[in-house]
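Everything on this sheet refers to the single structure shown next.
The values are calculated or read from the model by the stated rules, or taken from the named source; none is laboratory data. What you see is a predicted model, and the numbers here were worked out from it, not measured in a lab. Note: ideal-geometry Cβ built from the backbone for every residue, glycine included; neighbour counts use all protein chains shown.
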Amino acid sequence: MFKKVYELLIVSAIVFAVVVLGGCDPKPDDEDELLKKNTYTVTFNLDGGERTGGGEVSQVVKHGEGAVAPVAVKTGYSLSWDRGFSNITQATSVKAVWSINSYTVTFDLDGGELTGGELVQSVEYGCDAVAPEVSKSGFTFVGWDNSFSNITGDLAVKTIWGYTVTFDISGGEHTGGGELVQVIESGNAAVVPEVINADCVVSWNKAFDNITGDLIVIALWTQEYSTIDLSFNMKQVPVPNGGISFPTGIPNNVIASIDYVYQIGEIEVTWKLWKTVYDWATSSDRGSNRYYFQNPGIMGSNSDGINITDLHPVTRVSWRDSMVWCNAITQWYNAMTGSSLEPVYRYEGSIVRDSRDATACDDVVATDNNGFRLPTSQEWELAARWRTNLTNTVDGYSNPWFTKGDSASGATGNYNNSTTNKSVAWYESNSDDRTHPVAEKQENSLGIYDMSGNVWEWLFPKYFTHRQRHGGSWSYSSEELQIGKVISSPPGTLRNDNGFRLFRTP
């Protein structure tokens, strides 16, 4: 038995020597093969990004092999990883590294000039580019054709150039609509402002639906004075805040100024209007407030009434008649409409109602009351000269321009140009020796008819003992049509080519 035990020990020793001491350890190649059997978990942390494809965010990878990168996005950022994962030998965590993108913003000045800032800018995602400072001769900066706040990609931005449109509302009130100063892209329309002015209706002196340059647009106000029987219109002469200066006289060398808004009759006083007021004013129904006139006036130039209608201007009225009639129409209009206009002309504090009273008439005081009245020479001349373009105008003025003093009101040439004269005025060469219905000729820029020709128009101011007249008439040559020319006559003068036109200060 001891022998068998001994033999067993000998065999075990031999096996041990062979296996352990005899070089039976695994070879390196065998070790690699064993390691290849190992696997590891690779985890991708996308750090706010979104997986859209590629490898999974958690992968089991064999020893020595690479993980497959997930495809991930994060708006405005570019992706990289915080470590490699091409040769995995242990469990690994890989984190996304997001780098914010930068984009190129390019400004195109479209012919303008850079005065500050940069035209090409590198801007990070979500940030804003900085507007450069720009200018362009003859143009107004409108804006940019693209927004460049919150940049999310490469961007080209172009300058929009336009023009400034200014609305002068001539004493009106802006209540809404377009702004009074607008910058409009070339070829586009300005937005009409909403404006009001007492009982007036507005029109504009220029179109603004296709802007091709800087523009001043002036409100032209028309007030209709309406009763049951008839109506007449008066145009408001646009006088801006701060007043207006303009040339006067035939050589345009005397500068006048007016700093208040006033209205002028669209037409000369017609026989129809004169006779309506005259009959009311002279009626015994007026009692102590009855009016008296030295002259009843006639319908147009011919007392026989041939080729004459009640739309011809009244003639054969003296300055005194015309002045007193202005008080009469003021009170007539109040009686017809319930208005409360105050007569302008007074003598020793009383309303002048009798043109036969030469003393009261010739020493009359023109108050600041708001009734109807005769114009001053300067008021008449401003309304006659006012123009919306530079044709036949005095140098040194713009918008409004002023017709030259040697021309008829609204004419495009001087008084020697018969073509332009005949388009705006009745005078010796085209009148057939008579007056004509008002408003048959072309109006001037304010929409006023017959400022030159048809009949002379009385003015209020004195010239020594005389009173002034403007405008020429059907019986005179073209020389008298000149708006810079003023003549004077005794206040009792009667002529069948002499009338007048209403004015009023609201």
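With the checklist (1) of a type in the set (Val, Ile, Thr); (2) closer than 19 Å to Leu155 by Cα; (3) under 39 Å from the mean Cα position of the chain (by Cα); (4) surrounded by 12 or more Cβ atoms within 10 Å (Cβ to Cβ) in hand, flag the one item Val120 doesn't pass.
So the condition that Val120 fails would be (4).
If a residue has to be assigned to a loop (DSSP other than H, G, I, E, B), within 22 Å of Arg495 (Cα to Cα) and of a type outside the set (Gly, Ala, Ser) to count, how many in the range 441-458 make the cut?
Counting residues in the range 441-458 that are assigned to a loop (DSSP other than H, G, I, E, B), within 22 Å of Arg495 (Cα to Cα) and of a type outside the set (Gly, Ala, Ser) gives 5.
Condition first: more than 15 Å from Trp458 (Cβ to Cβ), part of a loop (DSSP other than H, G, I, E, B) and among the hydroxyl-bearing types (Ser, Thr, Tyr). Now tell me which residues in the range 342-391 satisfy that.
Thr367, Thr388, Thr391
Residues that are in contact with a Leu (Cβ under 7 Å, 6 or more places away or on another chain), hydroxyl-bearing (Ser, Thr, Tyr) and in the same structural domain as Val314 (by TED's automatic domain parsing): does the range 428-448 have at least one?
No: the range 428-448 contains no residue that is in contact with a Leu (Cβ under 7 Å, 6 or more places away or on another chain), hydroxyl-bearing (Ser, Thr, Tyr) and in the same structural domain as Val314 (by TED's automatic domain parsing).
If you go through the range 459-483, how many residues are crowded, with 23+ Cβ neighbours inside 10 Å and assigned to a loop (DSSP other than H, G, I, E, B)?
Going through the range 459-483 one residue at a time, the tally reaches 6.
Please tell me if Asn416 is surrounded by fewer than 19 Cβ atoms within 10 Å (Cβ to Cβ), without any contact (Cβ under 8 Å) to a residue 40 or more places away in the chain and either in contact with a helix residue (DSSP H, G or I) (Cβ under 9 Å, 6 or more places away or on another chain) or not in a loop (DSSP other than H, G, I, E, B) (or both).
For Asn416, the condition - surrounded by fewer than 19 Cβ atoms within 10 Å (Cβ to Cβ), without any contact (Cβ under 8 Å) to a residue 40 or more places away in the chain and either in contact with a helix residue (DSSP H, G or I) (Cβ under 9 Å, 6 or more places away or on another chain) or not in a loop (DSSP other than H, G, I, E, B) (or both) - is not met.
This table checks each residue for (1) hydrophobic (A, V, I, L, M, F, W, C); (2) assigned to a helix (DSSP H, G or I); (3) loosely packed, with under 15 Cβ neighbours inside 10 Å; (4) on the phi > 0 side of the Ramachandran plot.
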| residue | (1), (2), (3), (4) |
| --- | --- |
| Gly242 | no, no, yes, yes |
| Asn252 | no, no, no, yes |
| Ile267 | yes, no, no, no |
| Asp310 | no, no, no, no |
| Asp321 | no, yes, no, no |
| Cys326 | yes, yes, no, no |
| Gln331 | no, yes, no, no |
| Ser340 | no, no, yes, no |
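Mind listing whichever residues of the range 419-433 are among the β-branched types (Val, Ile, Thr) and either farther than 10 Å from Gly453 by Cα or in a loop (DSSP other than H, G, I, E, B) (or both)?
The answer is Thr419, Thr420.
Check the range 74-88 and report whether any residue there is loosely packed, with under 13 Cβ neighbours inside 10 Å and of a type in the set (A, V, I, L, M).
no
What is the one condition in (1) of a type in the set (Gly, Ala, Ser); (2) part of a strand (DSSP E or B); (3) buried (at least 17 other Cβ atoms within 10 Å of the Cβ) that Ala129 does not satisfy?
(2)
So Ile228 fits all but one of (1) part of a strand (DSSP E or B); (2) within 30 Å of Thr505 (Cα to Cα); what number is the exception?
With respect to (1) part of a strand (DSSP E or B); (2) within 30 Å of Thr505 (Cα to Cα), Ile228 is out only on (1).
Report, ordered by the first and then the second residue, all pairs with beta carbons closer than 7 Å, sequence separation of six or more or different chains, a first member in the range 187-216 that is of a type in the set (Lys, Arg), and a second member that is in a strand (DSSP E or B).
Listed pairs, sorted by first residue: Lys206/Leu215; Lys206/Val217.
Could you please let me know if Val314 is in the same structural domain as Arg356 (by TED's automatic domain parsing), at pLDDT 95 or above, farther than 15 Å from Arg353 by Cβ and touching a helix residue (DSSP H, G or I) at 6+ places or on another chain (Cβ under 7 Å)?
In short, yes.
If you go through the range 58-68 one residue at a time, how many are crowded, with 16+ Cβ neighbours inside 10 Å and among the aliphatic types (A, V, I, L, M)?
Looking only at that region, the number is 2.
Quickly run through the range 204-225 and pick out the residues that are among the hydroxyl-bearing types (Ser, Thr, Tyr) and not in a strand (DSSP E or B).
Thr212
How many residues are surrounded by fewer than 18 Cβ atoms within 10 Å (Cβ to Cβ) and either in contact with a strand residue (DSSP E or B) (Cβ under 6 Å, 6 or more places away or on another chain) or among the acidic types (Asp, Glu) (or both) when one looks only at the range 378-393?
The qualifying residues number 2.
Looking at the range 434-450, is at least one residue crowded, with 24+ Cβ neighbours inside 10 Å, within 18 Å of Gly413 (Cα to Cα) and over 37 Å from the mean Cα position of the chain (by Cα)?
Scanning the range 434-450 turns up no residue that is crowded, with 24+ Cβ neighbours inside 10 Å, within 18 Å of Gly413 (Cα to Cα) and over 37 Å from the mean Cα position of the chain (by Cα).
So Ile151 ticks every box in (1) part of a strand (DSSP E or B); (2) surrounded by 18 or more Cβ atoms within 10 Å (Cβ to Cβ) but one. Which box is left unticked?
Evaluating Ile151 over (1) part of a strand (DSSP E or B); (2) surrounded by 18 or more Cβ atoms within 10 Å (Cβ to Cβ) leaves (1) as the failure.
Would you be able to tell me the number of residues in the range 179-203 that are surrounded by 18 or more Cβ atoms within 10 Å (Cβ to Cβ) and in a strand (DSSP E or B)?
7
Can you go through Tyr278, Tyr291 and tell me which one is touching a residue at least 40 places away in the same chain (Cβ under 8 Å), under 21 Å from Trp456 (Cα atoms), in the same structural domain as Val438 (by TED's automatic domain parsing) and aromatic (Phe, Trp, Tyr)?
None of the other options fit; the residue is Tyr278.
Return the only residue of Trp161, Trp221 being in contact (Cβ under 8 Å) with a residue 40 or more places away in the chain, buried (at least 18 other Cβ atoms within 10 Å of the Cβ) and either of a type in the set (D, E, K, R) or within 24 Å of Leu374 (Cα to Cα) (or both).
None of the other options fit; the residue is Trp221.
Kindly indicate whether Gly297 is over 34 Å from the mean Cα position of the chain (by Cα), closer than 26 Å to Gln223 by Cβ and modelled with pLDDT of 95 or more.
yes
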